[in-house]
Amino acid sequence: MPGVAATSPIRTAEVLVTSPGRNFVTLRVMTEDGVVGLGDATLNGRELAVAAYLTEHVVPLLIGRDAHRIEDTWQFLYRSAYWRRGPVTMAAIAAVDMALWDIKARLAGMPLYQLLGGASRTGIMAYGHASGRDVPELLDSIRAQLADGFRSVRVQTSVPGVNKLYGVAAQPSTSGRYDYEPAQRAPLPAEEDWDSAAYLRHVPGVFDAVRSELGPELPLLHDAHHRLTPIQAARLGKALEPYDLFWLEDCTPAENQEGLRLVRQHTTTPLAIGEVFNTIWDYQTLIREQLIDYVRSAVTHAGGITAMRRILDYAAQYQIKSGIHGPTDVSPVGMSAALHLDLAIHNFGIQEYMVHSPATREVFRSSFTWADGYLHPGDEPGLGVTYDDDAASRHPYQAAYLPFNRLKDGTVHDW
Ligand code: KDG
Ligand code: MG
């Protein structure tokens, strides 16, 4: 980098918490030369744990360190804690990593994707979100997503006998913006209900109706959200084969990585897993044994750009592609980090895109663009996101929790 100083000591690191419709935790790092980098540290429903981890245990270690030493800082934060992995630690490390990449790219005067090897494609295919309480409402919701420019759509449906369910928007989502946000501002998590047998009976018929109406070409995705056992997941994957899904996501809780062997033996429906994972080790068996087709982690939750690149390079050896998590609880900073990676890597698959609220977009002004089904991170130096302190100060933190599930007999179940 001609003209860039060999070292760039960090002068300040601030932890910013704001709630423009939902809570976000952001790390802002500034070098002695006044170059600013941003990192996303948002962990839905546990935001203040990451804020405290950063404030108490990470920020003091950053002051005076050379911002250029990204790999060394990653290894130092990971190994010097002694205690390994975990969502709080890895979201904190991710925020530092993103902020340092942002600084390095700003110093280089380049959009980050150039430092990651340059663009491997011209645009990033993104999927939208449709849902309905019944088939007609679902079809309207899919058509609204297509009208908004999406060329691939995740399909979620209500299930008869289940009152409230992940992925089904609170209101019909025909208004342009997908108005689904699972975390609720309340002192206690909301209780939802679940019935695996009713779900397994209902879902294939819904996909049959969608394919009959919309034809074979539209890429369709579905999220089972960790609720099935491996044999139930196998049955679902098999039942959905005639409808040619782009992927079936989180068909079973994958901390039991071996459980995916059983699913894989029974179905050719492509599988996507990993939004709750936070390290490459959570993927070890899944990738080595080719038990999945898409890596779902968010850059924010899996240790940042450095760590995600490592996971995706490992996956590439097995023809496994990216499907980076992009819900509204990943801030525009985390989303931008994903888009720079998506553009640069060879084994890109698809990107989730859940449009942020206008209030969020006022706090985080981002250069990324959306047109004709494709995202692009833009060509501003760094990640391309700025943080508006005035706008952020109008939205103080509010406690919010993700819901949880109980079965009909009262047993707590995966949500
Ligand atoms: O915070 C939890 C959400 O990010 C998650 O429920 C969203 O499953 C999700 C998805 O696929 O976007
Ligand atoms: Mg999901």
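Table for the structure above
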{"quantity": "Residue in region 174-196 that is in contact (Cβ under 8 Å) with a residue 60 or more places away in the chain, touching a helix residue (DSSP H, G or I) at 6+ places or on another chain (Cβ under 9 Å) and either surrounded by 18 or more Cβ atoms within 10 Å (Cβ to Cβ) or assigned to a helix (DSSP H, G or I) (or both) present", "calculated": "yes"}
{"quantity": "Test result for Pro327, over 28 Å from Leu27 (Cβ atoms), out of contact with any Cys (no Cβ under 8 Å at 6 or more places or on another chain) and either more than 16 Å from ligand 2 (Cβ to nearest atom) or part of a loop (DSSP other than H, G, I, E, B) (or both)", "calculated": "no"}
{"quantity": "Selection count, region 70-89, where residues are in contact with a helix residue (DSSP H, G or I) (Cβ under 8 Å, 6 or more places away or on another chain) and within 27 Å of Glu380 (Cα to Cα)", "calculated": "4"}
{"quantity": "Tyr314 surrounded by fewer than 21 Cβ atoms within 10 Å (Cβ to Cβ), aromatic (Phe, Trp, Tyr), touching a helix residue (DSSP H, G or I) at 6+ places or on another chain (Cβ under 8 Å) and part of a helix (DSSP H, G or I)", "calculated": "yes"}
{"quantity": "Qualifying position, being modelled with pLDDT under 95 and away from ligand 1 (no atom under 13 Å from the Cβ), among Glu217, Glu255", "calculated": "Glu255"}
{"quantity": "Residue identified as within 16 Å of ligand 2 (Cβ to nearest atom) and small (Gly, Ala, Ser) among Gly382, Gly373, Gly378, Gly349", "calculated": "Gly349"}
{"quantity": "Pick from region 288-311, criterion within 14 Å of Ser322 (Cα to Cα) and under 12 Å from the mean Cα position of the chain (by Cα), ranking: nearest to ligand 2 (Cβ to nearest atom)", "calculated": "Arg296"}
{"quantity": "Test result for Pro87, within 16 Å of ligand 2 (Cβ to nearest atom) and of a type outside the set (D, E, K, R)", "calculated": "yes"}
{"quantity": "Odd one out for Ser173 among (1) more than 24 Å from the chain's Cα centre (by Cα); (2) at pLDDT below 95", "calculated": "(1)"}
{"quantity": "Sole residue being in a strand (DSSP E or B) and either away from ligand 1 (no atom under 16 Å from the Cβ) or at pLDDT 95 or above (or both), chosen from Leu260, Leu248", "calculated": "Leu248"}
{"quantity": "Among the candidates Thr306, Thr269, Thr300, residue that is modelled with pLDDT of 95 or more, more than 30 Å from Gly149 (Cβ to Cβ) and either β-branched (Val, Ile, Thr) or not in a helix (DSSP H, G or I) (or both)", "calculated": "Thr306"}
{"quantity": "Filtered residues of region 309-336 (kept if away from ligand 1 (no atom under 16 Å from the Cβ) and among the hydrophobic types (A, V, I, L, M, F, W, C))", "calculated": "Ile311, Leu312, Ala315, Ala316, Ile320"}
{"quantity": "Residues of region 351-378 satisfying the condition of being within 15 Å of Pro20 (Cα to Cα), within 16 Å of ligand 1 (Cβ to nearest atom) and not in a helix (DSSP H, G or I)", "calculated": "Val355, His356, Ser357"}
{"quantity": "Which listed residue, of Tyr199, Tyr178, Tyr243, is within 16 Å of ligand 2 (Cβ to nearest atom), modelled with pLDDT of 95 or more and not hydrophobic (A, V, I, L, M, F, W, C)", "calculated": "Tyr199"}
{"quantity": "Top-ranked residue of region 330-343 - restricted to ones that are outside any loop (DSSP other than H, G, I, E, B) and small (Gly, Ala, Ser), ranked as surrounded by the fewest Cβ atoms within 10 Å (Cβ to Cβ)", "calculated": "Ala338"}
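Conditions (1) closer than 20 Å to His301 by Cβ; (2) part of a helix (DSSP H, G or I); (3) touching a Lys or Arg at 6+ places or on another chain (Cβ under 7 Å), marked per residue:
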| residue | (1), (2), (3) |
| --- | --- |
| Gly3 | no, no, no |
| Thr7 | no, no, no |
| Arg28 | yes, no, no |
| Gly45 | yes, no, no |
| Tyr53 | yes, yes, no |
| Pro60 | no, yes, no |
| Asp72 | no, yes, no |
| Leu77 | yes, yes, no |
| Arg85 | yes, no, no |
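The values are calculated or read from the model by the stated rules, or taken from the named source; none is laboratory data. Note that this is a predicted model, so its numbers are computed, not measured. Glycine gets a Cβ as well: all are built from the backbone with ideal geometry, and neighbour counts include every protein chain shown.
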